[in-house]
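J.: Got a structure for you, questions after.
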Amino acid sequence: QIFNQHNAEALNLEQAFHRMAQTEPNLDHDVSWFLLPSYWAKMVVALISFLCFANSYDGDFVFDDSEAIINNKDLRAETPLGDLWYHDFWGSKLSSNTSHKSYRPLTVLTFRINYLFAGGFYPVGFHVINIILHCIISVLMVDVFSILLGGLQFSNKGRRLNLAPKSSLLAALLFAVHPVHTECVAGIVGRADLLCALFFLLSFLGYCKAFRENKEGHTFSVFWVLVSVILGAIAMLCKEQGITILGLNAVFDALVINKINILELIQKLLHKDKSLENAGLLRKGLLFRITLLMSGGASILYIRWRIMGTGPPAFTEVDNPASFADSLFVRAINYNYYYSLNAWLLLCPWWLCFDWSMGCIPLIKSVSDWRIIALAALWFCLIGLICQALCSEDSHKRRILTLGLGFLIIPFLPASNLFFRVGFVIAERVIYLPSIGYCILFTYGFSLLSKQAKKKRILAVAVLGILLINVMRCALRSSQWSGWCISRFFSSALSLIKFLFSVHYNVGKNLADKGNQSAAIKYYREAVRLNPKYVHAMNNLGNILKERNELHEAEELLSLAVQIQPDFAAAWMNLGIVQNSLRRFEEAEQSYWTAIKHRKKYPDCYYNLGRLYADLNRHIDALNAWRNATVLKPEHSLAWNNMIILLDNTGNLAQAEAVGREALELIPNDHSLMFSLANVLGKSQKYKESEALFLKAIKANPNAASYHGNLAVLYHRWGNLDLAKKHYEVSLKLDPMAPGTKENYNLLRRKLEQLQKKGG
C-alpha cells in the first residue's frame, strides 16, 4: 500500500511538472493527429519504415556498389585493417592524385564485416543491414522530433518529457516514408548516409542529455558534451556530413537551452549594448560549450586534413559541369538552381533518379532561361521563412522555424559547392539528413493550417493520404533494386529522362559486366551520341571493340577521348594496347608513357608496357617494366608470371626460380605462379619440388589441361611413366586439342609398348 501511494505521488508530481512545462505554446494543441504512447509510436514508425523498403532485401550490386564493394580490395581479409584508415571509400590511397578523398573508414569496415560473415559478395546481407539501420534511425526520430518540436524539459526524476507526442509521431512518419530516402536504403553505398545519420542523431541526443536539471537548477554535464563531440567524429568517419552536427548542437543550445532571440542579439551587438552581459551567455555556460564544440570540430577537421593529404579531389566536367563554368554568374545561378531542385525533391519526390550527372540538367547560361523562376521561388520561400524565424514575436514560432531551417540547410552545406567542388550535380543520398528540417517545417505548417481549419479531420485525412502515397512510392521505387528486376532500376531512370547519357552509360556497363557485349555497345554508342565529349563511355566502348578485334574504330574512339581529356590515363593505356595490337609499336610505347606521366603509380600500364617490350625482344626493358608493376602492386600476378616465363624462355633458370619464389611468398595461393615455378624447377631437375607445386596447382584448379599436361611431361622426364600416362590422358580429356600433348602421349605409348615387348 505504501509503495503504491509513493508511486501515485511521484506520478502526480510528474504530471504537475508536465503541466508547468506546457505553459508555453504547444504544437500538439492544434494538431489533429493520432496520440499514442511513446512505445507504440516507435513500434508504428519502425513497422512502417520496414514495410517501405523491405522488398529491396534481395537487390543486387548496382551502380556505385560495384566500385565501392565488389572492386574494393579493402573488404578482403588479406588487406590489413590498418589500411582502411589511409584509403578512401573506393579503396584507393587518399594520397593518390586520383582519389576522390571521400574518407569513410567506418562505413567500409561494416562492408568488410558483411563480406566476411556472408563468405563472399552476397548482396542480401548488405541490403538487410541497410533496412535495419533506416528503421533504427526512424525510431530515434521520434525522440529527436519531440525535442525539436516540443522543447527540452525534464521531470523531477530526470526523465525527459515528450511535450509534442502527436507532432513528433507525424514528423517521424514523414521522415520514415519519404521516397527520396530510397537510394540510401535500397542502394548499398547509401550505408554511408545511414551510419552517418545514426551517429548524427546519437550525438544530438547525447548533447541533450547534458542538460538534465537537478535540485540546484540549470546545470550541464561536460562529460555528455564530450560524448556528443566523439559521436559527431564517428558520424564524420561514416560520411563527411556528420561533422555538421556540432554546429547544429550549438544552434540548439543557443535557441532552446539559452532561449536567445537572434535578432535582438544582433541588434545589441551592432549597438554595443552593455546589457549583453546579462544575456545569460556566460551564466549558463554557452560560450564554454560552444568552445568545446568548436575545438572538437577543429581537431577532427585537422586530423582529417592530415590523413587526406594535399590538394582537393580531382573531378571532371562530366561530374559537375557548373563548377567548371568560366563565369562566376553561371556558376552561382546554376548552384542555386541545383538547390531549388533538391528542395523540389523534398516537396514532391516524384522525379527520382539514381544518377543526376551532366546532361540531365543543362546549364542555365542567361537570365532569359525560364528556369530562373525556380530560383526566385526558392529564395522567396527561404527569405520569408528566415524573416519569420528572426522577427516573429512568438518565441515558440521563432525556435521551431530556426531549428527547421538549421536542420534543412546546415547538413546540406558540404554538398553545396560553396566550400569545395563536389563530384555530382544532384545526389538524392545527401538529402537524407536535410529532410529532418523539411519534416519539422512540414509538421509546423500542418499545425498552423489545423489551427485555422474548421474541418480538421479533412486536413488530417489529406496528410494521411500523403503518407500512404509515399509508402507506395517507396515500395515501388525500392522494388527496382530487387534481384529479379534490376533492369527496371536502369529503365526507370531512362523513362524519367531519355537524354540522360550517364544512365545509358550505366546500362551499358551493367550489360557489359554480365557479358552481353552487343547490347552494351548499343547503349555506349547512345551515350556518346548524346554527349560527344563523354570520355568514359568512349573508353569503355573502345575496350569492348578492342576485345572484338574492331581495332580501327577502337583507336578512333580512344584517340578522341585523350584529345578531349589529355590527362585521362586509362584511355592512354587502352590506346597503347590497341596500337600494340596494330603493330604500331612506337606509338604504343609513347601512349603508355603518357599514361604513366598522368598517373605515376599505374601498375597495369607498366605491365602492358612490359608486354610491348617483350614483343620487341627488349627483354631487359620488359623485366624492368614488370618489376615496376610488382613494386606498385605486389599482388600483380600477371606481371610476376611474365617475368618468370621470360627468364625461363631465355635460359635464366636460376633467376626465374628466385623470382618465382619471391612471387609465391607474396601471393602464396596463386595457382598460375605455382605452375610457372613448377616448370622452372622441372627444367632444373628439381623433380620432387616441381611435382609438389604441380599437384598443388592442380588441386587449386583441377580443370586446367596445361597443368596436367606439364605434370605428365615432368613424370615422363623423371621416368614415372605410368603417372605420366595418367596425366596425359586427363589433359587430353580436358582439352583434346592441347598443343604438344597428343604427340608426347603418343611417344609415351610407343615407349611403353617397347618396354612391354622387351619385358615379354
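The values are calculated or read from the model by the stated rules, or taken from the named source; none is laboratory data. Owing to the predicted nature of the structure, the values given are computational and were not obtained by experimental measurement. Neighbour counts run over all protein chains shown; Cβ positions are idealised from the backbone, glycine included. When the accessible area is computed, the model is the full protein with side chains, heavy atoms only, and any ligands, DNA or RNA have been set aside. Shrake-Rupley method; radii C 1.70, N 1.55, O 1.52, S 1.80 Å.
J.: Sorted by packing (mean other beta-carbon atoms within 10 Å per residue), highest first, where do 169-179, 716-726 land? Please report the intermediate quantities before stating the final value.
T.: Numbers: 169-179: 26.5, 716-726: 15.6.
Highest-to-lowest ranking by the protection proxy: 169-179, 716-726.
J.: Heavy-atom accessible area per residue, the range 328-452, 1.4 Å probe: how many Å²?
T.: Working: 5500 Å² over 125 residues.
For the range 328-452, the solvent-accessible area averages 44 Å² per residue.
J.: For K93 and R749, FRET efficiency with R0 = 60 Å and r from the beta-carbon atoms, rounded to 0.05? Please report the intermediate quantities before stating the final value.
T.: Working: r = 56 Å, r/R0 = 0.94.
About 0.60, to the nearest 0.05.
J.: Follow-up. Among 84-94, 237-247, 326-336, 617-627, how do they line up by average Cβ neighbours within 10 Å per residue, starting with the highest?
T.: Numbers: 84-94: 19.2, 237-247: 25.3, 326-336: 15.2, 617-627: 17.4.
Ranked from most to least packed, the peptides come out as 237-247, 84-94, 617-627, 326-336.
J.: Taking the Cα-to-Cβ direction at S518 and at Q685 and moving 7 Å from each Cα, how far apart do the two end points lie in nm?
T.: It works out to 5.7 nm between the two label points.
J.: So, one more: Towards the positive end of the charge dipole of the range 317-461, with charges on Cβ (+1 Lys, Arg; -1 Asp, Glu), say which of W350, A427, V330 has the farthest Cα.
T.: Final value for the positive-end residue is W350.
J.: On to the next question. Quick check for you: which residues of the range 372-403 have the amide N under 19 Å from the point 7 Å beyond the Cα of K456 toward its beta carbon?
T.: Within reach of a label on K456: 397.
J.: Can you bin every Cα-Cα distance in the chain into 10 Å intervals starting at zero and give me the percent of pairs per bin, rounded to whole numbers?
T.: Each 10 Å bin holds this share of Cα pairs: 2, 11, 19, 21, 16, 11, 8, 6, 3, 1, 0, 0, 0.
J.: Follow-up. Round to the nearest 0.05 the FRET efficiency obtained for R548 and E586 when R0 = 30 Å and r is the Cβ-Cβ distance. Kindly include the intermediate steps, with their values, before the conclusion.
T.: Numbers: r = 25 Å, r/R0 = 0.84.
Approximately 0.75, to the nearest 0.05.
J.: May I pose another question? Could you give each residue of the range 121-135 its phi-based ³J(HN,Hα) in whole Hz, using Karplus coefficients 6.51, -1.76, 1.60 with θ = phi - 60°, and x for Gly or Pro?
T.: Along the range 121-135, the couplings run 8, 10, x, 4, x, 5, 5, 4, 4, 4, 4, 4, 4, 5, 4 Hz.
J.: Does anyone have the angle between helix 653-666 and the longest principal axis of the chain? Alpha-carbon axes, 0 to 90°, nearest 10?
T.: Taking Cα atoms only, the helix is inclined about 20 degrees.
J.: If each of K600 and F223 carries a label point 7 Å out from its Cα toward its Cβ, how far apart are those two points in nm?
T.: Each label point is offset 7 Å from its Cα along the Cβ direction, giving 5.0 nm.
J.: Can you run phi through the Karplus equation (6.51, -1.76, 1.60; θ = phi - 60°) for the range 570-575 and list ³J(HN,Hα) in whole Hz, with x for Gly and Pro?
T.: Couplings: 4, 5, 4, 5, 5, 4 Hz.
J.: Hey, if you put +1 on the Cβ of every Lys and Arg and -1 on every Asp and Glu Cβ in the chain, which of A389, F34, L255 ends up farthest toward the positive end of that dipole?
T.: F34
J.: So if we plug the beta-carbon distance of A658 and W593 into 1/(1 + (r/R0)^6) with R0 = 30 Å, what FRET efficiency do we get, rounded to 0.05?
T.: Details: r = 29 Å, r/R0 = 0.96.
Here the calculated transfer efficiency is 0.55.
J.: Let me ask something else about it. Gain in length, V128 to K733, computed as 0.36 nm per residue apart minus the alpha-carbon separation, to one decimal in nm? Kindly include the intermediate steps, with their values, before the conclusion.
T.: Working: separation 605, 0.36 × 605 = 217.80 nm, distance 4.50 nm.
Gain on stretching V128 to K733: 213.3 nm.
J.: Would you mind working out the accessible area per residue for the range 604-681, using a 1.4 Å probe, and quoting it in Å²? Write out the running numbers ahead of the final one.
T.: Details: 3350 Å² over 78 residues.
Accessible area per residue: 43 Å².
J.: Another one. Could you give the angle, 0 to 90 degrees to the nearest 10, between helix 705-718's Cα long axis and the longest principal axis of the Cα atoms of the chain?
T.: Relative to the chain, helix 705-718 is tipped by roughly 40 degrees.
J.: Which Cα, out of G542, L459, I234, lies furthest along the positive dipole direction of the chain (beta carbon charges, K/R +1, D/E -1)?
T.: Value computed over the given set: L459.
J.: Same structure, new question: Roughly how many debye, to the nearest 20, is the charge dipole of the chain about its Cα centre, given +1 on each Lys and Arg Cβ, -1 on each Asp and Glu Cβ, and no other charges? List each step's numbers first, then the result.
T.: On the way: 77 positive and 59 negative charges, 168 e Å.
In debye, rounded to 20, the chain gives about 800.
J.: Using the heavy atoms of the protein chains alone and a 1.4 angstrom probe, what is the accessible area of the range 37-308 per residue in square angstrom?
T.: 42 Å²
J.: Then there's this: Report the extension gain between A118 and I373 in nm, rounded to one decimal, defined as 0.36 nm multiplied by the number of residues separating them, less their alpha carbon distance.
T.: Values: separation 255, 0.36 × 255 = 91.80 nm, distance 5.06 nm.
In short, 86.7 nm is gained.
J.: Tell me which residues come under 5 Å, amide H to amide H, from L161 once H is placed; ignore anything under 5 positions away on its chain.
T.: Correct list: Q153, F154, S155.
J.: Helix 486-496 against the longest principal axis of the chain: what's the angle in degrees, Cα atoms only, rounded to the nearest 10?
T.: Between the helix axis and the principal axis of the chain, the angle is about 60 degrees.
J.: Which value at 222 nm does the chain reach when only helices count, each DSSP H run of 4 or more adding -39,500 (n - 2.57), with the total divided by all residues and rounded to the nearest 500 deg cm²/dmol?
T.: On the way: 32 runs with 489 residues, N = 760.
Taken over the chain, the calculation gives -21000 deg cm²/dmol.
J.: Of all accessible surface on the chain at a 1.4 Å probe, what whole percent is carbon and sulfur? Show your work: numbers first, answer last.
T.: On the way: 22170 of 36460 Å².
The nonpolar share, carbon plus sulfur, comes to 61 percent.
J.: Still on this model: If you wrap a convex hull around the C-alpha atoms of the range 37-308 and split its volume per residue, what is the figure in Å³? Intermediate results must be reported in sequence, preceding the final value.
T.: Values: hull volume 42.5 nm³, N = 272.
Once divided by residue count, the hull of the range 37-308 is 156 Å³.
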